[in-house]
Amino acid sequence: MNITTKPNPVLLVHGMNDTASVFSKMAPQLARKGWTVHDIDLTPNNCAQPLDYLAKQIANYVEKTFPPEQSIDIVGFSMGGIVSRYYIQRLGGIDRVQRFITVSSPHHGTVLAYLVARPGSIQMRPDSPFLADLNRDFSMLERINFTSIWTPYDLMIVPATSSRMLVGKDVQVPVPFHAWMITDPKGIAAVAEALAEPLRQHHPLEQTPPPQKLPKIDSNI
């Protein structure tokens, strides 16, 4: 069912080794339902730079694309959900974003990240300092509509439950493959439902914590 009130614009953020074209099925379906859909190509997309470096690209895109008074919603797929979290939790995005949906994102890391010794991949390893920093105050996501969509059959996010969070709404979708989460009708429907949800009662605003100085990552590890 199409939404009846003017919605926030939606920014789609892709994952590792992807581009915005990965949303070629989701984007037009959201547009037909009434959303104005935007996307961004993160550069580089292969984890050769830290995730906080990519998050600054989101911040710059939002600042250049939307007027200051315009609230937005973000959908982040896989690595894109973690990059978006850094923007929201550390770069002031919490004051712009009203709905934040992550799709199969490694909130607590994935063991497959040990297979790639690049800065961004190292940050997505379980118990990395980067994820520990974000998760030390994950409760600030209670200030917005946060939804984590995940599949128990995910073979890229290992364990699959790493996509779950102790805050917001948890949506399990029985999609058999990681990449299909943003192309399968069930996954797209779950995203549309989360975007259409009325805003929940928010916790009182608090000052956004400053980014902690993260340890320098040696890409030769």
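Please enumerate the residues belonging to the stretch 126-166 that are among the polar types (S, T, N, Q) and in contact with a strand residue (DSSP E or B) (Cβ under 6 Å, 6 or more places away or on another chain). Talk me through it step by step, then tell me what you get.
Of all residues in the stretch 126-166, those among the polar types (S, T, N, Q) come to 128, 135, 139, 145, 147-148, 151, 161-163.
Asn145, Thr147, Ser148, Ser163 - these are the residues of the stretch 126-166 that are among the polar types (S, T, N, Q) and in contact with a strand residue (DSSP E or B) (Cβ under 6 Å, 6 or more places away or on another chain).
Filter the stretch 19-41 for residues that are loosely packed, with under 13 Cβ neighbours inside 10 Å and not in a loop (DSSP other than H, G, I, E, B) and give the result.
Ser21, Pro28, Ala31, Arg32
Test of understanding: among Ile74, Ile122, which residue is within 25 Å of Val167 (Cα to Cα) and out of contact with any Leu (no Cβ under 6 Å at 6 or more places or on another chain)?
Testing whether each residue is within 25 Å of Val167 (Cα to Cα) and out of contact with any Leu (no Cβ under 6 Å at 6 or more places or on another chain) leaves just Ile122.
Return the residues of the stretch 41-52 that are under 17 Å from Ala113 (Cβ atoms) and over 15 Å from the mean Cα position of the chain (by Cα); say none if nothing qualifies.
Pro44, Asn46, Cys47, Ala48, Gln49, Pro50 - these are the residues of the stretch 41-52 that are under 17 Å from Ala113 (Cβ atoms) and over 15 Å from the mean Cα position of the chain (by Cα).
Suppose we filter the stretch 1-18 for residues that are open to solvent by 50 Å² or more (accessible area, probe 1.4 Å) and over 16 Å from Gly81 (Cβ atoms); how many remain? Even if it seems obvious, please write down each step before you answer.
Residues of the stretch 1-18 that are open to solvent by 50 Å² or more (accessible area, probe 1.4 Å), as a first pass: 1-2, 4-6, 16-17.
From what is left, the residues that are over 16 Å from Gly81 (Cβ atoms) are 1-2, 4-6.
Summing the residues that are open to solvent by 50 Å² or more (accessible area, probe 1.4 Å) and over 16 Å from Gly81 (Cβ atoms) in the stretch 1-18 gives 5.
Identify all residues within the stretch 112-155 that are open to solvent by less than 50 Å² (accessible area, probe 1.4 Å), free of Cβ contacts under 8 Å to residues at least 24 places away in the same chain and of a type in the set (Ser, Thr, Tyr); write none if there are none.
Ser128
Select from the stretch 42-64 the residues that are of a type in the set (S, T, N, Q) and either surrounded by 23 or more Cβ atoms within 10 Å (Cβ to Cβ) or touching a residue at least 40 places away in the same chain (Cβ under 8 Å) (or both) and list them in ascending order.
Scanning the stretch 42-64 gives Asn46, Gln49.
Being assigned to a loop (DSSP other than H, G, I, E, B) and buried (at least 19 other Cβ atoms within 10 Å of the Cβ) is true for just one of Val158, Val191, Val167, Val175. Which residue is that?
Sole residue among the options that is assigned to a loop (DSSP other than H, G, I, E, B) and buried (at least 19 other Cβ atoms within 10 Å of the Cβ): Val175.
Which is over 13 Å from the mean Cα position of the chain (by Cα) and at pLDDT below 95, of Asp170, Asp127?
Within the list Asp170, Asp127, the selection yields Asp127.
Residue by residue through the stretch 84-111, note down the ones that are touching a Phe, Trp or Tyr at 6+ places or on another chain (Cβ under 9 Å), closer than 24 Å to Val175 by Cα and open to solvent by less than 10 Å² (accessible area, probe 1.4 Å).
Those that are touching a Phe, Trp or Tyr at 6+ places or on another chain (Cβ under 9 Å), closer than 24 Å to Val175 by Cα and open to solvent by less than 10 Å² (accessible area, probe 1.4 Å): Ser84, Arg85, Phe100, Ile101, Thr102, Val103, Ser104, Ser105, His107.
What are the residue pairs meeting all of these: first residue in the stretch 15-35, first residue without any contact (Cβ under 8 Å) to a residue 24 or more places away in the chain, second residue among the aliphatic types (A, V, I, L, M), Cβ atoms under 6 Å, and 6 or more apart or on different chains?
Filtered contacts from the stretch 15-35: Ala27/Val37; Ala31/Val37.
The values are calculated or read from the model by the stated rules, or taken from the named source; none is laboratory data. Quantities reported herein were computed from a predicted structural model and do not represent experimental measurements. Positions of Cβ are generated from backbone atoms using ideal geometry, with glycine treated the same way; all protein chains shown enter the neighbour counts. Just so you know, the surface numbers come from the protein's heavy atoms only, side chains and all, with ligands and any DNA or RNA stripped out. Shrake-Rupley method; radii C 1.70, N 1.55, O 1.52, S 1.80 Å.
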